[in-house]
Amino acid sequence: MSKLKALATLLAKPKRLAALLSYGHKGYLSSIGWFTAFDNHQAVDANNQPIPWVTYSFIDFIKDRLHKDLSIFEYGSGNSTLFYAKNVRKVVSVEHDEAWYKKIVNEKAPNAEMIFTMLETNGEYSQKAKLLNEKFDVIIVDGRDRVNCCKHSVDALSDRGVLVLDDSERKQYEEARVFLKNQGFKELLFSGISPGLFYNKATSVFYRKENCLDI
């Protein structure tokens, strides 16, 4: 019923319908590759190159701050792994979905390492970053068990490290946001749409005064 109502509204407003149809080949959505991502069901830009499945506002923020001295740890893997590997020294990604892991592990960049770990609430998966006994400049939480991933990841950050939490607008992740702020982090929130999706979401960067992204 809601789809029929939306269609009726568009038909009653032909100028709006014409504008929407024109966005497929010009304007903001076309220039950022939103339609390319929508058509391919993948996080890609206008040139069909891999990008993270996060808000475009965060991508705009982070892309010019990445450099070859940075190391990144990811919870969740895919096109984001390829994107970050192009721009930083090293990417380590943990994946809980074995079928997905087997599908993409051979596509990884030379400077990327992928680790398969079974998912168990507050288990090895959420602790993987700190269990590696190394420090990362950026830790990106975009997988499962995100609250526990955030809690355990603080110990795996470098002195200037930052943590990125995707879908930070969701109520189930509020505990992680409160925890990180209590640990002395400030939150920089980037809201908007993401590749191929048209609902409002948020990606948050948690940082301290001295940080590797010059915030």
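The values are calculated or read from the model by the stated rules, or taken from the named source; none is laboratory data. In this text, all values refer to a predicted model and were calculated from it rather than measured experimentally. Cβ coordinates were reconstructed from backbone atoms using ideal geometry, including for glycine residues, and neighbour counts include every protein chain displayed.
For this structure, a couple of remarks:
- Taken over the stretch 142-200, the criterion of being among the basic types (Lys, Arg), more than 14 Å from the chain's Cα centre (by Cα) and part of a helix (DSSP H, G or I) is satisfied by Lys151, Lys171, Arg177, Lys181.
- Of all residues making up the stretch 28-66, the number that are of a type in the set (Ser, Thr, Tyr) and at pLDDT below 95: 4
- Yes/no for Phe206 being buried (at least 16 other Cβ atoms within 10 Å of the Cβ) and outside any loop (DSSP other than H, G, I, E, B): yes
- Number of residues in the stretch 50-89 that are hydroxyl-bearing (Ser, Thr, Tyr) and under 22 Å from Ile115 (Cβ atoms) equals 6.
- Between Leu180, Leu189, the distinction of being within 19 Å of Ser57 (Cα to Cα) and hydrophobic (A, V, I, L, M, F, W, C) belongs to Leu189 only.
- Within the stretch 125-136, restricting attention to residues that are among the charged types (D, E, K, R) and out of contact with any helix residue (DSSP H, G or I) (no Cβ under 7 Å at 6 or more places or on another chain), the residue that is farthest from Asn211 (Cα to Cα) is Lys128.
- The listed residue being among the acidic types (Asp, Glu), in contact with a Phe, Trp or Tyr (Cβ under 8 Å, 6 or more places away or on another chain) and at pLDDT 95 or above, out of Asp145, Asp69, Asp159: Asp145
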